[in-house]
1. Restricting to the range 109-136, name every residue that is open to solvent by 80 Å² or more (accessible area, probe 1.4 Å) and modelled with pLDDT of 90 or more.
2. If you go through the range 43-81, how many residues are open to solvent by 50 Å² or more (accessible area, probe 1.4 Å), free of Cβ contacts under 8 Å to residues at least 12 places away in the same chain and in a loop (DSSP other than H, G, I, E, B)?
3. Just for the range 140-193: of the residues that are among the aromatic types (F, W, Y) and open to solvent by less than 40 Å² (accessible area, probe 1.4 Å), which one is farthest from T106 (Cα to Cα)?
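The values are calculated or read from the model by the stated rules, or taken from the named source; none is laboratory data. Since we're looking at a predicted model, the values are computed, not measured. In this analysis, Cβ positions are derived from the backbone assuming ideal geometry, glycine residues included, and neighbour counts consider all displayed protein chains. The protein model used for the area step is the full one, side chains on, heavy atoms only, and it has no ligands, DNA or RNA in it. Shrake-Rupley method; radii C 1.70, N 1.55, O 1.52, S 1.80 Å.
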Amino acid sequence: MSDHEQQQPAPRRGKVLEALARAERKVFTRPAPKSAKAQVKFLLTRAKGSTTVLAERLGVSRRTVERYRAGKLTTPQKRLQAALVEETESEWQPQVRAQARTQAATSKGMMVEVRAYFGFTCAGSSDDGRERQITTDISPFYVKQILELQEAGATEEDLHPIVAEAITESYFTEWGTRADGLRADFTSVSSISFRF
């Protein structure tokens, strides 16, 4: 088997983490590089020219990185393609992403659209848990916590409680104007998206 065929699988993220990454991609002011050669060249500039560092990040050999940079290889397998896209978009336009994150965490907040199973805890609650489709704003207070957890390397399970608390505040208790003491948890997330 060649270096090109012995690729490690691209890491999989949970739905909340992937939704946060998609939200960041939507704030780009210019499109990220699309071809494998352009992606490798861009990532090499971010890795200060080190093919060894980039090869480790992508899960391939140093020689494979050199072949893509030279244009000798042009069509990566699915796993490498996914890793190239993921790494390129995670490094693309850092100032634009940072500005959107700062605005969301300090003044704007974020919009969340989620389809998940919501269960409730509250004295006197008669509402049984069920799957719901909810679209609501999240306050900057919660956005800041979510983004800080994401930056600290939080897992999907770490993010669920804070996202559920944010949705509870804005959607179920309407910013504290009703259903005092209600706590909602969500599980079985079918789909989720965020907008800065």
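1. Within the range 109-136, R115, Q133 qualify.
2. 2
3. Only one residue tops the list, namely F186.
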